[in-house]
Amino acid sequence: MADMKAYVNEVLDLVAKKDPNEVEFQNTVKEVLTTIIPVLEKNPQYKEAKILERMVEAERIVTFRVPWQDDKGEIHVNRGFRVQMNSAIGPYKGGLRFHPSVNLSILKFLAFEQTFKNALTGLPIGGGKGGSDFDPKGKSDNEVMKFCQSFMTELYRHIGPNIDIPAGDIGVGGREIGYLFGQYKRLRDSYDAGVLTGKGVDYWGSLARTEATGYGLLYFVKNMLDAKNIDINGKTIVVSGSGNVATYAIEKAQTFGGKVVTCSDSNGYVYDPDGIKLDTVKEIKQVRRGRIKEYVEKHPNAEYHEGCSGVWTVKCDIALPCATQSEINLDSAKALVANGVIAVGEGANMPSTLDAIKYFQDHKVLFAPAKAANAGGVATSALEMAQNSERLQWTFEEVDEKLKNIMKNIYESSKKNAEAFADPDDLVAGANMTAFKKVADVMMAHGIV
Ligand code: NDP
Ligand code: 2IT
């Protein structure tokens, strides 16, 4: 037993020594490796084959210059990245993030998470992630298009429907995917619909892909709560963010009868004691690309507060972090627990710090970890790839039904491993063990590559 713990510590030390500045990457590796020790003990062949050392090294990383000209003729230079982490189970698959904070550590953490998340979906997709430190905020449509075209002019040589299939993430939605697809098509002179997912429905995007991450999060949380005979109906819910994931998490939470009282952006949060009016949020964010504080102009009963972390001081039964990484730290976790939170469902990637997760678990809060709970987005991306391969499009209902089943399977397989090898409610360990075993077994089958 001590043997495998020592092996894990060795690999964590190796990662810290090789890339001492990559804190986000180190944290996510730590979260996964420290929870899979029972699987390593049952399968000593993994250690012999140096599976962990191989998993923490990306198969390939490309970084590149992205020059572009703004509307005034000024020239800017951003940095582009694609991390191709693991292709054991399928071609690299994962989103692109455009945000000024983007760096290699963040993209390696996201690509590592993505590898295991994608394995949980049960669909043929490996793990990757990419993006740029470009900030789309305040840019004109023309500037965003120019940037996307320049970004794709380098990226296109590294991707393809059977090689690597990017999609959206923070700062990359339908508009950006459209410009990226247009440039890819022009450069390749070939209509490869399956090279990107999250496309517009008229050029072979999947119905329900826009909604899938938020809806999937609620399907997962519902499975977790149903098992404890807890109904979402009538519960007070706090959501952070007001982008793609947050919007459709709010929509499905409201359909389930939950009362969502907050949403936020990077400037501050809105508290509406009567329940968030989603039409207003969509109008501000999707149509006008405005700031969430504009919400209170239309709904004077609601309050706007500057700063993001305050949202976790609002009393609630269920918390759904849907903005970004590390948004719930130990202090926020303590505030939520003090206010009686029953469940936390992670819509964003790694929104809770490691000490916050431990605090939730120590206080018996039901905790739905990101790589399981937000996997509905990428799962539906894989369904988009399937539709593109058969050159057909499924109905919204068909895709939504498949999404529901996928989230149920992810919940059940994670729960099963939690019950067999850890605390029965520890879905962090359950999901990590399920995903790790699947990726490790395929890597073993492929030999030393
Ligand atoms: P969007 O760009 O659509 O929305 C992001 C939201 O989070 C915005 O409200 C944004 O506010 C806020 N936000 C971004 N960065 C910060 C920050 N540093 N501090 C506080 N708030 C911030 O992105 P998505 O909704 O697509 O992504 C949200 C999260 O969900 C990310 O962690 C992403 O990795 C994850 N995710 C996304 C999936 C998808 O399918 N899109 C799938 C699975 C996970 P502002 O407008 O002010 O920047
Ligand atoms: O983090 C994620 O799972 C995503 N941003 C979605 C990736 C995808 O390929 O749909």
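The values are calculated or read from the model by the stated rules, or taken from the named source; none is laboratory data. Worth saying up front: this structure is predicted, and the values here are computed from it rather than measured. We place every Cβ from the backbone using ideal geometry, glycine too, and count neighbours over all the protein chains shown. Side chains included, ligands, DNA and RNA excluded: accessible areas come from the protein's heavy atoms. Shrake-Rupley method; radii C 1.70, N 1.55, O 1.52, S 1.80 Å.
Could you check SER389 against (1) among the hydroxyl-bearing types (Ser, Thr, Tyr); (2) farther than 30 Å from TYR191 by Cβ; (3) away from ligand 1 (no atom under 16 Å from the Cβ) and say which number it fails?
(2)
Kindly establish whether ARG209 is touching a residue at least 12 places away in the same chain (Cβ under 8 Å), within 15 Å of ligand 1 (Cβ to nearest atom), closer than 27 Å to THR324 by Cα and surrounded by 19 or more Cβ atoms within 10 Å (Cβ to Cβ). Outline the logic, then answer.
Details: touching a residue at least 12 places away in the same chain (Cβ under 8 Å): yes; within 15 Å of ligand 1 (Cβ to nearest atom): yes; closer than 27 Å to THR324 by Cα: yes; surrounded by 19 or more Cβ atoms within 10 Å (Cβ to Cβ): yes.
Spelling it out, ARG209 is indeed touching a residue at least 12 places away in the same chain (Cβ under 8 Å), within 15 Å of ligand 1 (Cβ to nearest atom), closer than 27 Å to THR324 by Cα and surrounded by 19 or more Cβ atoms within 10 Å (Cβ to Cβ).
Mind telling me which of the residues LEU12, LEU40, LEU33 ends up being among the aliphatic types (A, V, I, L, M) and open to solvent by 20 Å² or more (accessible area, probe 1.4 Å)?
Criteria check complete, one pass: LEU12.
Please enumerate the residues belonging to the range 93-110 that are of a type outside the set (Phe, Trp, Tyr) and either more than 10 Å from ligand 2 (Cβ to nearest atom) or over 21 Å from ILE410 (Cα atoms) (or both).
Here is the first cut: in the range 93-110, the residues of a type outside the set (Phe, Trp, Tyr) are 93-97, 99-108, 110.
Of everything in the range 93-110, those that are of a type outside the set (Phe, Trp, Tyr) and either more than 10 Å from ligand 2 (Cβ to nearest atom) or over 21 Å from ILE410 (Cα atoms) (or both) turn out to be LEU96, ARG97, HIS99, PRO100, SER101, VAL102, ASN103, LEU104, SER105, ILE106, LEU107, LYS108.
Taking the residues in the range 137-176 that are more than 16 Å from ligand 1 (Cβ to nearest atom) and among the small types (Gly, Ala, Ser) as candidates, determine which candidate is surrounded by the fewest Cβ atoms within 10 Å (Cβ to Cβ).
SER140
Just wondering, is there one or more residues in the range 384-396 that are under 13 Å from GLY122 (Cβ atoms), at pLDDT 95 or above and surrounded by fewer than 18 Cβ atoms within 10 Å (Cβ to Cβ)?
Initial filter on the range 384-396 (under 13 Å from GLY122 (Cβ atoms)): 386.
Right, trim to at pLDDT 95 or above and you get 386.
If we keep only those that are surrounded by fewer than 18 Cβ atoms within 10 Å (Cβ to Cβ) as well, we get 386.
Within the range 384-396, one or more residues are under 13 Å from GLY122 (Cβ atoms), at pLDDT 95 or above and surrounded by fewer than 18 Cβ atoms within 10 Å (Cβ to Cβ).
Answer yes if at least one residue in the range 340-347 is within 21 Å of TYR248 (Cβ to Cβ), acidic (Asp, Glu) and open to solvent by less than 40 Å² (accessible area, probe 1.4 Å), and no otherwise.
Yes, the range 340-347 contains at least one residue that is within 21 Å of TYR248 (Cβ to Cβ), acidic (Asp, Glu) and open to solvent by less than 40 Å² (accessible area, probe 1.4 Å).
Restricting attention to the range 122-136, and to residues there that are within 20 Å of SER206 (Cα to Cα) and open to solvent by 10 Å² or more (accessible area, probe 1.4 Å), which single residue is nearest to ligand 2 (Cβ to nearest atom)?
LEU123
Of all residues in the range 20-29, which are crowded, with 16+ Cβ neighbours inside 10 Å and either of a type in the set (Asp, Glu) or more than 18 Å from the chain's Cα centre (by Cα) (or both)?
Result: GLU22, GLU24.
Identify, from the list ALA49, ALA119, the residue that is within 16 Å of ligand 2 (Cβ to nearest atom) and modelled with pLDDT of 95 or more. If you could, list the steps in order and put the result at the bottom.
Details: ALA49 fails: within 16 Å of ligand 2 (Cβ to nearest atom).
Just one listed residue meets the conditions, ALA119.
Filter the range 416-443 for residues that are open to solvent by less than 10 Å² (accessible area, probe 1.4 Å) and among the small types (Gly, Ala, Ser) and give the result.
Passing the criteria: ALA418, ALA429, GLY430, ALA431, ALA435, ALA440.
For the range 65-90, which positions are open to solvent by less than 20 Å² (accessible area, probe 1.4 Å) and outside any loop (DSSP other than H, G, I, E, B)?
Result: VAL66, TRP68, GLY80, PHE81, ARG82, VAL83, GLN84, MET85, ASN86.
Name the residue that is most open to solvent (accessible area, probe 1.4 Å), counting only residues in the range 267-305 that are under 20 Å from SER332 (Cα atoms) and within 12 Å of ligand 1 (Cβ to nearest atom).
Filtering the range 267-305 for residues that are under 20 Å from SER332 (Cα atoms) and within 12 Å of ligand 1 (Cβ to nearest atom), the one most open to solvent (accessible area, probe 1.4 Å) comes out as ASN267.
Could you identify the single residue in THR313, THR353 that is open to solvent by 50 Å² or more (accessible area, probe 1.4 Å) and either in contact with a Ser or Thr (Cβ under 9 Å, 6 or more places away or on another chain) or within 16 Å of ligand 2 (Cβ to nearest atom) (or both)?
Details: THR353 fails: open to solvent by 50 Å² or more (accessible area, probe 1.4 Å).
Within the list THR313, THR353, the selection yields THR313.
Name every residue in the range 78-97 that is over 21 Å from ILE448 (Cα atoms) and either more than 14 Å from the chain's Cα centre (by Cα) or among the aliphatic types (A, V, I, L, M) (or both), in order of residue number. Working first, answer last.
Pass one, the range 78-97, residues over 21 Å from ILE448 (Cα atoms): 78-82, 93-97.
Matches in the range 78-97: ASN78, ARG79, GLY80, PHE81, ARG82, LEU96.
So that you can scan it fast, the table gives a plain yes or no per residue for (1) buried (at least 18 other Cβ atoms within 10 Å of the Cβ); (2) of a type in the set (A, V, I, L, M):
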residue	(1), (2)
TYR215	yes, no
LYS222	yes, no
ASN229	no, no
ILE232	yes, yes
SER240	yes, no
ASN244	yes, no
THR247	yes, no
THR255	no, no
VAL260	yes, yes
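The conditions are (1) surrounded by fewer than 23 Cβ atoms within 10 Å (Cβ to Cβ); (2) not in a loop (DSSP other than H, G, I, E, B), and ALA111 fails exactly one of them. Which is it?
ALA111 satisfies every listed condition except (1).
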